[in-house]
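Nothing in this text is a laboratory measurement; each read-out follows from the coordinates by a stated rule. These numbers were taken from a predicted model, which means no experiment stands behind them. Using ideal geometry, Cβ is built from the backbone for each residue, glycine included, and neighbour counts are taken over all protein chains shown.
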Amino acid sequence: MIYAITLFVRGKPWLIVVDDYVPIVVKDYQWKPYYSEIYRSNYWVPIFEKAIAKVMGSYSHLED
C-alpha cells in the first residue's frame, strides 16, 4: 500500500509518499518493526516515522 502524508517543514507543506514496507526484526518468534512499536493495531506510527525519516535523509538521522 502507498501513503501520501503532508508534513510541514520549516512552515511549508511537503507531500511525502511512502510505502508500507518498514524495517523489521524478529524477537521471540514475532516480527516487529525495528524502530517504532505498533500499539493496539495503530499501524500509522511506523508509516509516519518512515515519512519523517525520508525528510531527514535516513532512519539514523532521527536519533539526532
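Worth a mention:
- Across the options Tyr35, Leu62, Ala51, the greatest Cα extent toward the positive end of the charge dipole of the chain (unit charges at beta carbon of Lys, Arg, Asp, Glu) belongs to Ala51.
- Between Ile2, Val25, Trp14, the Cα set farthest toward the positive side of the dipole of the chain (charges on each charged residue's Cβ, about the Cα centre) is that of Trp14.
- Highest-fluctuation residue, Ile52, Ile38, Ile16 considered, GNM on the chain with Cα pairs under 10 Å: Ile38
- Extension gain for Asn42 to Lys12 (0.36 nm times residue separation, less C-alpha to C-alpha distance): 8.1 nm.
- Annotation: Cα Rg of region 1-59 relative to the compact-globule expectation 2.2 N^0.38 Å equals 1.22.
- With a Förster radius of 30 Å applied to the C-beta separation of Lys54 and Val26, the computed FRET efficiency comes to 0.75.
- Sorted peptide list for 21-28, 7-14, 43-50, 54-61, criterion being average Cβ within 10 angstrom, highest first: 43-50, 54-61, 21-28, 7-14
- Counting only residues at least eight positions apart within a chain, or on another chain, the lysines with an alpha carbon under 29 Å from that of Lys12 are Lys50, Lys54.
- Helix-only [θ]222 nm of the chain, DSSP H runs n ≥ 4, -39500 (n - 2.57) each, per residue, nearest 500: -6500 deg cm²/dmol
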